[in-house]
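Below is one structure, written out as structure tokens; the observations come after it.
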Amino acid sequence: MFDELRGTVVFVTGGASGIGAGIVRAFLAEGAMVVSADVSFDTPLQSTGKNAWTVGLDVSDEKTVERVLDAIADTVGIVDTVVTAAGTSTMAHAVATTGDEWDRNLDVNAKGSFIVAREVARRLVDAGRRGRVIFVSSQAGKNGYRGMTAYVASKHAVLGVTKTMAVELAANGITVNAICPGIIETPMKHRERIEGGAIRGMTAEQVAEEDRSQVPLGRTGTVEDVAGVALFLASDLAGYMTGQGLNVTGGMTMH
């Protein structure tokens, strides 16, 4: 569908599971050369199949991010599109949120996403090349949600970075956009239902039913729903879009 993505180098963080893994599969299906990074891989850059590589990466570690991107440039090529899907969450009301929980969310979701995007953008600018930066934020980057103070703050921060980098990099032909997924069925969402339900005196099944009832389209989302938007943002069709936070929420968030 997106022939222009064939042979381009795509770097996806958080690629081991959930939304990140779905995005990796989508770009591979389009013929892109995809490097999937995740803290769970715990390996140097290695080939895992046709056009596919994996690498262990803690996105909050600046020096490691720099080394990984240098290795990708030497082995695969300069990254054309980066998708920052690495993320974490903790469940606690604001008055019960600890400093460690705050730091964990902000370090991975906000700081880590920024470091990765910054380093990819630096290399594109130095090489005089156009490119795509795609952040994975959340509808939590636009709304407030009970029991998720630190996570919500981190995802709001991602949208702020998106807008600023979009303005600064436009002259270089680099677009910067964010995807704001709603309730997507992933291992992280399943864990959140258990932990969030415990806070609210609900079972995970009750939380899941509540989730579905809030979506105008009548269902929660899939990773493929999000991956399709990532492909669009990386394609030529989105060449005149930058600084946007695109909702993929089934109508749950409309602003």
Practice task
Please indicate, with yes or no, whether at least one residue in the range 22-29 is in a loop (DSSP other than H, G, I, E, B), of a type outside the set (Ser, Thr, Tyr) and surrounded by fewer than 24 Cβ atoms within 10 Å (Cβ to Cβ).
Solution key: no
Completion exercise
Residue hits (the range 99-140; under 19 Å from the mean Cα position of the chain (by Cα) and outside any helix (DSSP H, G or I)) are GLY131, ARG132, VAL133, ILE134, PHE135, VAL136, SER137, SER138
Practice task
Working only within the range 51-63, note down all residues that are of a type outside the set (A, V, I, L, M, F, W, C), part of a loop (DSSP other than H, G, I, E, B) and over 13 Å from VAL24 (Cβ atoms).
Solution key: ASP58, SER60, ASP61
Problem - Subset tally (residues that are more than 19 Å from GLY77 (Cα to Cα), assigned to a loop (DSSP other than H, G, I, E, B) and in contact (Cβ under 8 Å) with a residue 60 or more places away in the chain) for the range 6-21 - result: 2
Exercise for the section: Could you check, for the range 218-234, whether at least one of its residues is under 23 Å from GLY15 (Cα atoms), out of contact with any helix residue (DSSP H, G or I) (no Cβ under 8 Å at 6 or more places or on another chain) and β-branched (Val, Ile, Thr)? Expected result: yes
Completion exercise
The residue that is surrounded by the fewest Cβ atoms within 10 Å (Cβ to Cβ), considering only those in the range 210-244 that are closer than 27 Å to ARG132 by Cα and touching a Ser or Thr at 6+ places or on another chain (Cβ under 6 Å), is THR242
Practice task
Test ASP42 against the stated conditions and say whether it is touching a residue at least 40 places away in the same chain (Cβ under 8 Å), over 17 Å from SER154 (Cα atoms) and in contact with a Gly (Cβ under 6 Å, 6 or more places away or on another chain).
Solution key: no
Problem - Search result, residues across the range 153-167 that are polar (S, T, N, Q) and in contact (Cβ under 8 Å) with a residue 24 or more places away in the chain - result: SER154, THR162
Handout entry: Checklist (1) surrounded by fewer than 22 Cβ atoms within 10 Å (Cβ to Cβ); (2) within 16 Å of VAL65 (Cα to Cα); (3) β-branched (Val, Ile, Thr) applied to VAL120, failing item
Key = (1)
Fill in the blank from the handout: If we keep only residues of the range 196-215 that are within 24 Å of the chain's Cα centre (by Cα) and among the charged types (D, E, K, R), then the residue farthest from SER89 (Cα to Cα) is ARG212
Practice task
Starting from the range 57-72, take each residue that is within 15 Å of PHE114 (Cα to Cα) and among the polar types (S, T, N, Q) and list its partners that are at pLDDT below 95 and assigned to a helix (DSSP H, G or I), counting only C-beta distances under 6 angstrom and pairs at least six apart or across chains.
Solution key: none
Problem - Yes/no for ILE78 being at pLDDT 95 or above, surrounded by fewer than 24 Cβ atoms within 10 Å (Cβ to Cβ), aliphatic (A, V, I, L, M) and assigned to a loop (DSSP other than H, G, I, E, B) - result: yes
Fill in the blank from the handout: Expected output for the range 91-111 (first residue in contact (Cβ under 8 Å) with a residue 12 or more places away in the chain, partner in a loop (DSSP other than H, G, I, E, B) and among the β-branched types (Val, Ile, Thr), Cβ below 7 Å, 6+ apart or cross-chain) is GLU101/THR90; ARG104/THR88; ARG104/THR90; ASN105/THR88; ASN105/THR90; VAL108/VAL59; VAL108/THR88; ASN109/THR88
Practice task
Please work out which residue is modelled with the lowest pLDDT, limiting yourself to the range 18-71 and to residues that are on the phi > 0 side of the Ramachandran plot and more than 16 Å from the chain's Cα centre (by Cα).
Solution key: ASP42
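The values are calculated or read from the model by the stated rules, or taken from the named source; none is laboratory data. Not measured: the values here are computed from a predicted model. Using ideal geometry, Cβ is built from the backbone for each residue, glycine included, and neighbour counts are taken over all protein chains shown.
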